[in-house]
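Report on one structure; see the data block that follows.
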Amino acid sequence: MSYVRIWLHCVWGTKNKIPFITKSNKEAILNHIKENARQKGIYIDFLNGHKEHIHCTISLDAEQTLSKIMQLIKGESSFWINNSNLVQGKFEWADEYFAVSVSESQINVVREYIKNQEIHHKLKSWEEEYNEFIEKYGFKKIKG
């Protein structure tokens, strides 16, 4: 048996940054994502979101790939949100996502950051946070 712990901070948003995640549906969406992930053997350590995006920490095992995990989480949750009529209109996640590695010594810092999304976004918009991620981690914006 292999012993692997690869921490990732993953962030993804709604298509066109539409604020579909509300006080009335947020808990249901987050709980569904966690339960669906658990059923698929995906370890979501911590999860939270705000209006138009989700943050989570995930630990990959030796057999998992980031792209497959994100496909499973985003695709199934989008399907479930639409079938559950949790939002008005057609719900979609944006194609893109952010993912960065997190060292074991910093995982609690990232958990706190994710936990405090409501407070954080009183000071900073998703657009500002999005652009910070691109700059901070050296991602290049790809126009499509």
Worksheet item: How far is it, in nm, from the label point at ILE134 to the one at ALA94 when both lie 7 Å from their Cα along the line to the Cβ?
Response: 0.8
Worksheet item: With point charges of +1 on the Cβ of Lys and Arg and -1 on the Cβ of Asp and Glu, referenced to the Cα centre of the stretch 6-136, which listed residue (TRP80, SER105, SER67) lies farthest in the positive direction of the dipole?
Response: TRP80
Item to complete: Tell me the GluC sites (Glu not before Pro) within the stretch 1-99 that lie in a loop according to DSSP and have at most 11 other beta-carbon atoms within 10 Å.
Response: GLU63
Fill in: the stretch 51-90: trypsin sites (Lys or Arg not before Pro) in DSSP loop, at most 15 other beta carbons within 10 Å
LYS90
Item to complete: Please report how far the C-alpha centroid of the stretch 45-69 lies from that of the stretch 97-139, rounded to the nearest whole angstrom.
Response: 13
Practice prompt. First measure r as the distance between the Cβ atoms of ASN16 and GLU112, then evaluate 1/(1 + (r/R0)^6) with R0 = 30 Å and state the FRET efficiency to the nearest 0.05.
Written response: 0.55
Worksheet, complete the sentence: With -39,500 (n - 2.57) per DSSP H segment of 4 or more residues and division by the full residue count of the chain, the 222 nm estimate, nearest 500 deg cm²/dmol, is -12500 deg cm²/dmol
Item to complete: Report the net charge of residues surrounding GLU52, where surrounding means a beta-carbon distance below 12 angstrom and charges are Lys +1, Arg +1, Asp -1, Glu -1.
Response: +1
Response to the item:
Residues of the stretch 2-35 with backbone N under 16 Å of the label point set 7 Å from the Cα of GLU127 along Cα→Cβ are 14-20
Fill in: Under-18-angstrom lysine pairs by C-alpha in the stretch 1-82, whenever the two are 8 or more apart or on separate chains
17
Item to complete: Please identify which residues in the stretch 27-47 have an amide N closer than 18 Å to a label point set 7 Å out from the Cα of ASN83, following the Cα→Cβ vector.
Response: 28-41
Worksheet, complete the sentence: For the chain the mean separation of alpha carbon contacts under 8 Å (6+ apart) over residue count, i.e. relative contact order in percent, is 33
Worksheet entry | 5 Å-binned pair-distance histogram of the chain (Cα, whole percent) | 2, 9, 19, 24, 22, 15, 7, 2, 1, 0
Item to complete: Mind sorting ASP45, ASP95 by how few other Cβ atoms lie within 10 Å of their own Cβ, fewest first?
Response: ASP95, ASP45
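No lab work stands behind these numbers, since they all come straight from the coordinates. Since the model is a prediction, treat every value here as computed from it, not as a measurement. Cβ sites come from the backbone with ideal geometry, for glycine too, and all protein chains shown count toward neighbours.
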